[in-house]
Amino acid sequence: MWKIVLPGLAMIAVTYALARLSFGLFLPDISHSLGLSESEGGFVGSTAFVSYSIALFLSSYLIKKLGQHKVTMIAGLTAVVGMLGIATAQSFLHLVMSIFVAGIGSGLASPALSQIAKNTLNKKDLDQGNTWINSGTSFGIILTGPVVLLFTEHWRLSYLFFAIIAILVLIWNYYSIPSTNEQKQVIDQKLDWLSIINKAKFLLIASIIIGMSSSIYWTFSRSYLTTEYNMTPNESVVFWIIMGIAGVLGGVAGGFIQKIGLRWSYRLLLFLMTVSIFLLTVPANLTVYISAGLFGSTYIFLTGLFIVWGTRIFNTLPALGVSLSFLALGIGQSLGSFFAGKTIEMTTYPFSFILFAGLGLIGLFVPTDRK
C-alpha cells in the first residue's frame with residue numbers, strides 16, 4: 001500500500017499545499033512587494049481556485065483519454081511551472097497567470113490518484129489509502145511554515161525552493177506509480193450527466209458550502225492575525241504550522257468513518273470546522289492556536305470524507321466522484337475567496353469570519369448517504 005500512498009501523498013503536498021494553498025501564507029509579503037489591495041489579493045487567491053475547478057471538470061475526460069499516470073505527471077508539471085512563475089512575478093497580471101497555472105495541478109492530482117488507488121489497492125486498504133494520500137496537504141503545510149521562518153520576506157526564494165521540491169516529487173511519482181492498466185474500467189463507460197449529478201447532488205451541495213465557508217480561512221487567516229492582532233510574522237507562521245500538524249490527523253479519516261459512519265462523521269467534523277473559523281475572532285493567543293488545530297484537522301478530515309463519499313457513490317469510477325466533489329469544493333472556494341475579500345473591505349475581519357462560519361452551519365442540514 002505505502003509504495004503507492006507515499007509518492008501520492010507527496011504529490012498532493014506539492015500540488016495543494018505548496019502550489020495553491022501556500023499563497024495565503026505569503027499573501028502579506030506578496031501584497032507589500034507588488035502593492036496589492038485586499039480585493040486584489042482575494043482575486044488572485046480565487047484565480048487558483050478557478051483553475052483548480054477547471055482542471056477538476058476536465059480530469060475525468062483526461063484520465064479516460066490519457067490514463068491516470070500521465071494525468072498525475074501533468075499535475076506535477078503544472079505545479080512546477082506555476083511556482084516558477086510566482087517566483088519571478090513582477091506585476092499583478094504576471095502573478096494572476098502564474099497562480100492560475102499553479103492551481104491546475106491540484107485539480108488533476110486527486111482524481112488521478114484516487115483512480116490509481118482503486119486499481120492498485122485492495123478493498124480493505126482503499127479508504128485508508130485514499131485518506132492518507134489526501135493528508136498530503138497537511139504535510140505540505142507543515143513544510144511551508146519553516147520555509148517562511150527561514151526566508152522571512154523572501155517569498156520568491158521560497159517559491160523557487162518549492163519548485164525544486166516539486167521536480168523531485170514528479171520524478172518519484174514517475175518511477176513509483178504504475179503505468180500499466182491505465183484505462184481499466186474507464187474507456188467503455190458512457191456517462192449520463194443528468195443521472196450522475198442527481199446521484200451526487202447532496203455531495204455536491206455539501207462540497208460547495210464547505211468550500212465557500214473555508215475559503216476565508218485559507219486566504220485571509222494570516223492577514224487577519226497580522227492586521228488585527230499585530231502578530232509577528234513568526235507567530236503567524238507558528239499558527240500555520242499548527243494547522244498543518246493537526247491536519248495530519250486527516251490521514252486516519254478512513255478508519256474514523258468506518259467506525260462511526262459517514263453521516264455522523266460529516267456532521268461532527270463540519271460543526272467543529274465552523275467553530276474553528278469563529279474562534280479566530282476571539283482575540284487571545286490560546287484560542288487562535290486552538291482555532292488553527294481545529295481547522296487544520298477538520299478540513300483535511302472533511303476532504304478525505306468527500307473522497308470516501310464520492311468513491312462509494314461511483315465505486316467503479318472513483319475519479320468521477322472525487323472530481324465532482326472537489327469541483328464543487330473549488331467552485332465554493334473561488335466564490336468564497338472573492339467575496340471574502342470584498343466583505344472584509346466593506347466591513348471588518350471579525351464580522352466576515354463570523355459570517356463565513358455561519359454559512360458553514362447551513363451544511364449541517366444537507367442529507368448524507370447512510371451507507
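The values are calculated or read from the model by the stated rules, or taken from the named source; none is laboratory data. In this text the structure is predicted, and so the values were computed from the model without any measurement. Cβ coordinates were reconstructed from backbone atoms using ideal geometry, including for glycine residues, and neighbour counts include every protein chain displayed.
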Long-range neighbours under 6 Å by Cβ, at least six apart or interchain, first residue in contact (Cβ under 8 Å) with a residue 60 or more places away in the chain within segment 26-38, second outside any loop (DSSP other than H, G, I, E, B) and of a type in the set (A, V, I, L, M)
E38/I344
Residue in segment 48-57 that is of a type outside the set (D, E) and either part of a loop (DSSP other than H, G, I, E, B) or farther than 15 Å from R20 by Cβ (or both) present:
yes
Of all residues in segment 313-341, which are touching a Ser or Thr at 6+ places or on another chain (Cβ under 6 Å) and not aliphatic (A, V, I, L, M)?
P318, G321, S323, S325, F326, G330, Q333, S334, G336, S337, F338, G341
Filter pass, K124 being assigned to a helix (DSSP H, G or I), surrounded by fewer than 17 Cβ atoms within 10 Å (Cβ to Cβ) and of a type in the set (K, R):
yes
Does any residue in segment 128-149 that is more than 17 Å from I164 (Cα to Cα) and among the aromatic types (F, W, Y) come within less than 7 Å, Cβ to Cβ, of a residue that is surrounded by fewer than 22 Cβ atoms within 10 Å (Cβ to Cβ) and at pLDDT 85 or above six or more places away or on a different chain, and which pairs are these?
none
Pairs under 6 Å by beta carbon, first residue over 18 Å from A79 (Cβ atoms) and free of Cβ contacts under 8 Å to residues at least 24 places away in the same chain in segment 3-15, partner crowded, with 24+ Cβ neighbours inside 10 Å and among the small types (G, A, S), six or more apart or different chains?
none
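Restricting attention to segment 260-269, does a residue exist that is at pLDDT 95 or above, more than 20 Å from the chain's Cα centre (by Cα), assigned to a helix (DSSP H, G or I) and closer than 25 Å to V366 by Cα?
Narrowing segment 260-269 to residues at pLDDT 95 or above: none.
No, because not a single residue in segment 260-269 is at pLDDT 95 or above, more than 20 Å from the chain's Cα centre (by Cα), assigned to a helix (DSSP H, G or I) and closer than 25 Å to V366 by Cα.
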Which residue is modelled with the highest pLDDT, if the candidates are limited to segment 69-100 and must be surrounded by fewer than 19 Cβ atoms within 10 Å (Cβ to Cβ) and of a type in the set (S, T, Y)?
T88
Is it the case that F151 is modelled with pLDDT under 90, within 29 Å of L364 (Cβ to Cβ) and among the aromatic types (F, W, Y)?
no
Among the numbered conditions (1) modelled with pLDDT of 90 or more; (2) closer than 30 Å to I177 by Cβ; (3) in contact with a Leu (Cβ under 7 Å, 6 or more places away or on another chain); (4) not β-branched (V, I, T), tell me where M1 comes up short.
(1)
Counting just the residues of segment 259-291 that are β-branched (V, I, T) and without any contact (Cβ under 8 Å) to a residue 40 or more places away in the chain, which one comes out surrounded by the fewest Cβ atoms within 10 Å (Cβ to Cβ)?
I260
Looking at (1) modelled with pLDDT of 90 or more; (2) over 17 Å from the mean Cα position of the chain (by Cα), which is the only condition T316 fails?
(1)
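Each row is one residue, and each column tells you yes or no for (1) in contact (Cβ under 8 Å) with a residue 12 or more places away in the chain; (2) over 17 Å from the mean Cα position of the chain (by Cα); (3) assigned to a helix (DSSP H, G or I); (4) buried (at least 24 other Cβ atoms within 10 Å of the Cβ).
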{"site": "F202", "(1), (2), (3), (4)": "yes, yes, yes, no"}
{"site": "A206", "(1), (2), (3), (4)": "yes, no, yes, yes"}
{"site": "I209", "(1), (2), (3), (4)": "yes, no, yes, no"}
{"site": "M212", "(1), (2), (3), (4)": "yes, no, yes, yes"}
{"site": "I216", "(1), (2), (3), (4)": "yes, no, yes, yes"}
{"site": "T219", "(1), (2), (3), (4)": "yes, no, yes, yes"}
{"site": "T226", "(1), (2), (3), (4)": "yes, yes, yes, no"}
{"site": "V237", "(1), (2), (3), (4)": "yes, yes, yes, no"}
{"site": "L249", "(1), (2), (3), (4)": "yes, no, yes, no"}
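Residues of segment 281-313 being more than 20 Å from the chain's Cα centre (by Cα), within 30 Å of T232 (Cβ to Cβ) and not polar (S, T, N, Q), which ones?
Correct list: V282, P283, A284, L286, V288, Y289, I290.
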